[in-house]
Amino acid sequence: MEALTLNLHPTIELTDEQFFQLCQNNRDLRLERTAMGELIIMPPTGWKSGNRNSKLTQRLGNWTDADGTGIAFDSSTGFKLPNGANRSPDASWVKKERIETLNPNPDRFLPLTPDFAVELRSTSDKLDTLRQKMQEYISCGMRLGWLIDPQNQRVEIYRPGQDVEILESPTSLSGEDVLPGFVLDLQGILN
């Protein structure tokens, strides 16, 4: 099953509060909203994608706990991007200082772009849609992003002001200067 996109504009224009309440009232659905106000309803993944995402989130979380400079998030976390979109990357990380400076309500969507985000392609995801989402994160201020594509055994690395780097069948990925010292072992995630 593929994600469904509902074009609500101009019939309905949800405020941030209305979109938040819609998500709260439909917790069994994974909802995102584009900068144009389209509502995206994403289906649950199969068990293999769920297991891959669990490993990804666990490995990022373990490193984050040991490092202590930021906060890691799973796919259920909503981000309010500067362009007006509401997105939920499969895994993400934000430098702790950025969150402390904002002092946002912890029960609401985080009103910023993650420093680092990962989209893990499931069999129901269209590659072009995920690429557009990665470009959106970059244009909104993300510093490093990975698009992990198990179907093609490929990883696309997104950095501001640079062409996308494509790695064929890598065994690990470096967090570079955004997540210094983080190396993601792709065993069980990419293969």
> If you go through segment 14-44 one residue at a time, how many are of a type in the set (D, E, K, R) and out of contact with any Gly (no Cβ under 9 Å at 6 or more places or on another chain)?
Replying inline: 5
>> Filter segment 1-54 down to the residues that are open to solvent by less than 40 Å² (accessible area, probe 1.4 Å) and basic (Lys, Arg) and list them by number.
In response: 33, 52
>> Restricting to segment 55-75, name every residue that is without any contact (Cβ under 8 Å) to a residue 24 or more places away in the chain and open to solvent by 40 Å² or more (accessible area, probe 1.4 Å).
In response: 58, 62, 65, 66, 74
> What strands (runs of 3 or more DSSP E) completely inside segment 114-175 contain at least 1 residues that are over 17 Å from the mean Cα position of the chain (by Cα)?
Replying inline: 154-158, 165-168, 172-174
>> Checking the condition closer than 17 Å to residue 75 by Cα, open to solvent by 10 Å² or more (accessible area, probe 1.4 Å) and touching a residue at least 12 places away in the same chain (Cβ under 8 Å), which residue from 172, 124, 92, 139 passes?
In response: 124
> If you scan segment 25-54, which residues turn out to be assigned to a loop (DSSP other than H, G, I, E, B), closer than 24 Å to residue 189 by Cα and either of a type in the set (Ser, Thr, Tyr) or touching a residue at least 60 places away in the same chain (Cβ under 8 Å) (or both)?
Replying inline: 43, 45, 46
> How many residues are part of a strand (DSSP E or B) and within 17 Å of residue 59 (Cα to Cα) when one looks only at segment 69-94?
Replying inline: 9
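The values are calculated or read from the model by the stated rules, or taken from the named source; none is laboratory data. The model shown is predicted, which means the values in this text are computed figures rather than measured ones. FYI the Cβ positions are ideal-geometry reconstructions off the backbone, even for glycines, and counts take in every protein chain you see. The accessibility values were calculated without ligands, DNA or RNA, using every heavy atom of the protein model including side chains. Shrake-Rupley method; radii C 1.70, N 1.55, O 1.52, S 1.80 Å.
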